[in-house]
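The values are calculated or read from the model by the stated rules, or taken from the named source; none is laboratory data. Note that the structure is predicted; figures quoted are calculated from it, not measured. Glycine gets a Cβ as well: all are built from the backbone with ideal geometry, and neighbour counts include every protein chain shown.
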Amino acid sequence: MNIKNAYQLSQSAQIEFASKLLDQGEVIGLPTETVYGLAARIDLSSAVEKIFSTKRRPFFDPLIVHVHSVEQAITLFASWSPLVNCLAHAFWPGPLTLVSEKQKSVSDLITSGLQTVGVRLPQHSLALELLRHVGVPLAAPSANLFGQISPTSAQNVKDVFQDQVFVLDGGDCQVGIESTIVHVDGQRLSILRPGVLSSARIEACLKSANLHFELSAPQAAIAPGQMKHHYMPHVPLILSSNPELKPSEIASQVMMQLSDIPDEVDHVRLVKPTKVEKIEFLTLSEDSLIAARQLYANLRAAANKQPDIICFVVQPIHLQPEWLGVLDRLKKASSLSL
Ligand code: TXA
Ligand code: MG
């Protein structure tokens, strides 16, 4: 059966079809509550390699491994520490990735040679059904070309990979930005990537379990994949932290700093403006959880209107802790800050 015909099948037959493709060493589009993933079986190295080639992702950026149960997660870590146990039971299934020392059997290809592995139990019924059907954990980065905006619908994935990749359609992602990544090293804890699950909730959970821990900033070398730019639309995104600026003032300030906007970042080619006449303002809900859900779709919609620039005005509320995940993505997606 070819991919186009498979979309006519019932949902359970599509899970069967996706599972068969995975067994044959193919990659598939996996719905999760955060963003869609590009998944492959972790025990088939040629399939894992295919993730990197399909996404045009460099090998130094490690992959997150998805599991259907705590029992399956335990098989991936060298040890199952009390801190990991507490966080896994409190926040899984959900938008949390736990990074800890890996079991030897987890391949270096997945971890980019690191001694740690990132593991996540997603909260999405289709993803969980597929994971149970396959029976082997699935490595999956976000299903976008490297550096570009993450997909939050099945159509977003199909638009990029067309008939090259079969996508299980699990509807629009309810969280909308990638999982919070927490590194657990003994009693030391660090947040490698902020998300909708805040550090305050993580700390509160561990404190209420009377566990001893130290929360510190990540060491720079820990996450080779955490580059400065990511999630980029093709039209430059400008962050303005001055809500008083009028559009004409934003335009003239950007014009003065045009040379600071790169043509290409991490393989993403930007349409660098020669004039700033048409500005598309990116708007988001005042509720940070709804804003996270809207972020990538609204960024895509703004870029599709083909303005000279997209502008997001950072208001004082965006500096509150619950906005950390959304603001992190906006900063990484932006070409210039005013
Ligand atoms: O919500 C998510 O986490 C989504 C869905 C599909 O699960 N996945 C996702 O994967 O965002 P990706 O590949 O786009 O981002 C994963 C990032 C890597 O870039 C890397 O920075 C970090 O996770 N990572 C993975 N394994 C790591 C490790 N062992 N140590 C440090 N960072 C790691
Ligand atoms: Mg990604």
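Residues in segment 239-278 that are closer than 26 Å to K55 by Cα and touching a residue at least 24 places away in the same chain (Cβ under 8 Å): I261, P262, V265, D266, H267, V268, R269, L270, V271, K272.
Does any residue of segment 17-28 turn out to be within 16 Å of G170 (Cα to Cα), within 22 Å of the chain's Cα centre (by Cα), at pLDDT 95 or above and within 13 Å of ligand 1 (Cβ to nearest atom)?
Yes - at least one qualifying residue is present in segment 17-28.
The set of residues in segment 59-106 being within 12 Å of ligand 1 (Cβ to nearest atom), over 19 Å from R201 (Cα atoms) and among the hydroxyl-bearing types (S, T, Y) consists of S100 alone. Screening G118, G94, G37 for residues that are touching a residue at least 24 places away in the same chain (Cβ under 8 Å) and more than 16 Å from ligand 2 (Cβ to nearest atom) leaves exactly one candidate, G94.
Pairing each residue of segment 213-226 that is closer than 21 Å to L109 by Cα and more than 16 Å from ligand 2 (Cβ to nearest atom) with any residue that is at pLDDT 85 or above and aliphatic (A, V, I, L, M), provided the two are 6+ apart or on different chains, yields C-beta distances under 8 Å for I222/L192. When we screen L44, L83 for residues that are crowded, with 19+ Cβ neighbours inside 10 Å, more than 17 Å from L128 (Cα to Cα) and at pLDDT 95 or above, the only hit is L83. Report whether or not A140 is touching a residue at least 24 places away in the same chain (Cβ under 8 Å), within 16 Å of ligand 2 (Cβ to nearest atom) and either touching a Phe, Trp or Tyr at 6+ places or on another chain (Cβ under 7 Å) or not β-branched (V, I, T) (or both). Yes, satisfied. Name the single residue that is nearest to the chain's Cα centre (by Cα) among those in segment 193-207 being closer than 12 Å to L83 by Cα and not acidic (D, E). Selected residue: I202. G113 falls short on exactly one of the conditions (1) more than 9 Å from ligand 1 (Cβ to nearest atom); (2) at pLDDT 95 or above, and that condition is (2).
Against the conditions (1) out of contact with any Lys or Arg (no Cβ under 6 Å at 6 or more places or on another chain); (2) surrounded by 14 or more Cβ atoms within 10 Å (Cβ to Cβ), V27 satisfies every one except (1). Taking the conditions (1) modelled with pLDDT under 95; (2) of a type outside the set (K, R); (3) surrounded by fewer than 21 Cβ atoms within 10 Å (Cβ to Cβ) in turn, I149 satisfies each one other than (3). Checked against (1) away from ligand 1 (no atom under 11 Å from the Cβ); (2) more than 14 Å from Y7 (Cβ to Cβ), V175 passes all but condition (1).
Filtering V271, V265 for residues that are within 16 Å of ligand 1 (Cβ to nearest atom) and β-branched (V, I, T) leaves a single hit, V265.
Each residue in segment 168-193 was checked for being more than 16 Å from ligand 2 (Cβ to nearest atom) and buried (at least 18 other Cβ atoms within 10 Å of the Cβ), and 8 of them qualify.
On the basis of being free of Cβ contacts under 8 Å to residues at least 24 places away in the same chain and among the small types (G, A, S), does S150 make the cut? No; evaluated as a whole, the condition is false for this residue.
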